[in-house]
1. How many residues does the stretch 148-197 hold that are out of contact with any Asp or Glu (no Cβ under 6 Å at 6 or more places or on another chain), outside any helix (DSSP H, G or I) and touching a residue at least 60 places away in the same chain (Cβ under 8 Å)?
2. Select, from ALA210, ALA233, ALA265, ALA228, the only residue that is farther than 26 Å from ASP55 by Cα, of a type outside the set (Val, Ile, Thr) and buried (at least 17 other Cβ atoms within 10 Å of the Cβ).
3. Considering only residues of the stretch 158-168 that are within 10 Å of the ligand (Cβ to nearest atom) and under 20 Å from the mean Cα position of the chain (by Cα), which is surrounded by the most Cβ atoms within 10 Å (Cβ to Cβ)?
4. Does SER244 satisfy the condition of being crowded, with 17+ Cβ neighbours inside 10 Å, within 26 Å of GLU89 (Cβ to Cβ) and either among the small types (Gly, Ala, Ser) or modelled with pLDDT of 95 or more (or both)?
5. In the stretch 111-150, what residues are under 23 Å from TYR27 (Cα atoms), surrounded by 18 or more Cβ atoms within 10 Å (Cβ to Cβ) and of a type outside the set (A, V, I, L, M)?
6. Using the structure shown, decide if GLY40 is more than 16 Å from the ligand (Cβ to nearest atom), on the phi < 0 side of the Ramachandran plot and at pLDDT 95 or above.
7. Mind checking which residues of the stretch 47-58 are surrounded by fewer than 18 Cβ atoms within 10 Å (Cβ to Cβ), in a loop (DSSP other than H, G, I, E, B) and at negative phi?
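The values are calculated or read from the model by the stated rules, or taken from the named source; none is laboratory data. Because the structure is a prediction, the values reported are computed rather than measured. Here the Cβ is made from the backbone with ideal geometry for all residues, glycine too, and neighbour counts use every protein chain on show.
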Amino acid sequence: MKNYKKIIEDIYNDVKQVDDIGKVANYIPELANVNENNFGVHITTINGEEFSIGDADKKFSIQSVSKILTLTLAYKLIGEKIWNRVDVEPSGNPFNSLLQLEADLGKPRNPFINAGAIVVCDVLISELKNPKEDFLSFCRNITNNQSLNYSDKVAQSEKNTGFRNIALCNFIKSFGNIKNDVNRVLDFYFYTCSLEMSCKELSEIFLYLADDNYKNDKEETILSTSEAKRINAIMLTCGFYDESGEFAFRVGLPGKSGVGGGIIAIHPDEFCITVWSPKLNPKGNSYKGMLFLEKFTSNTENSIF
Ligand code: GLN
């Protein structure tokens, strides 16, 4: 950790000075209220060592990073059957695209684009008694973090303007791959996206993807080694939509971004690192977040490759 500390500090100070060509997401009006200069980094190793810099303790809207958590719970609940509902192929298209669904007969390319996450939410609604409450307590129990919560404001804001997601859900329903009422599915999806966490909380919650022996404080495992392998593989190939290849090329770690400006990246058997900087590049990924992580794996010479 000592080495990481110095490297992270140096890269942080360097990237802080870089002119940010990104733009804060405003298609969800509530997201535009964030201070665009926020910039935080947190790393947690599987041995429990942690290091933070900048705005690492401020909570922000995790948006699509939540797609890992919904997938994890759905995978736990229905096992390999999940892959009958959603595929595991990169889409090479934007996160909110409707394009491929027609040809693919309503089966989304992967669980990390909106179409796929909406189907995963439909699975959770079928499996859980009280989807919002049960999903939240699943998330809280991973790291015993009872402060974790949704943002009603963000969820409502997205509900009022989420026309593409509304279209996606209806379109998939027309193929029979949404089993529940579309309004219920969308409401649940918008709430999962509205979860708020800090860089520190994100790095801690996703340690189960880095550590094969991860157990929560109730001694429960979150995923088996083979299940965690699969989720990491989908993160590497699909975690950044039509920029997944670019992220693998520049950073070389499985990861996942959200339009709130957060990125988490996993080094299997080593650590989870989170970067938050709200301004996004044209593909909807944090501009400085990607830059930071590229420098991090380059300077440490430590990626999965
Ligand atoms: N809630 C956002 C949406 O559905 C999530 C997108 C993202 O973070 N890429 O549009």
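1. Qualifying residue count, the stretch 148-197: 8.
2. ALA228
3. Among them, the one singled out is LEU168.
4. On the way: crowded, with 17+ Cβ neighbours inside 10 Å: yes; within 26 Å of GLU89 (Cβ to Cβ): yes; either among the small types (Gly, Ala, Ser) or modelled with pLDDT of 95 or more (or both): yes.
Considered against the rule, which asks whether it is crowded, with 17+ Cβ neighbours inside 10 Å, within 26 Å of GLU89 (Cβ to Cβ) and either among the small types (Gly, Ala, Ser) or modelled with pLDDT of 95 or more (or both), SER244 comes out as yes.
5. Hits for the stretch 111-150 are PRO111, PHE112, ASN114, GLY116, CYS121, TYR150.
6. On the way: more than 16 Å from the ligand (Cβ to nearest atom): yes; on the phi < 0 side of the Ramachandran plot: yes; at pLDDT 95 or above: yes.
For GLY40, the condition - more than 16 Å from the ligand (Cβ to nearest atom), on the phi < 0 side of the Ramachandran plot and at pLDDT 95 or above - is met.
7. Of everything in the stretch 47-58, those that are surrounded by fewer than 18 Cβ atoms within 10 Å (Cβ to Cβ), in a loop (DSSP other than H, G, I, E, B) and at negative phi turn out to be ASN47, GLU49, ASP57, LYS58.
A quick yes/no check of all residues on (1) under 16 Å from ILE113 (Cα atoms); (2) of a type in the set (Ser, Thr, Tyr); (3) within 13 Å of the ligand (Cβ to nearest atom):
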position: GLY239; (1), (2), (3): yes, no, yes
position: SER244; (1), (2), (3): yes, yes, yes
position: PRO254; (1), (2), (3): yes, no, no
position: GLY258; (1), (2), (3): yes, no, yes
position: HIS267; (1), (2), (3): no, no, no
position: GLY284; (1), (2), (3): yes, no, yes
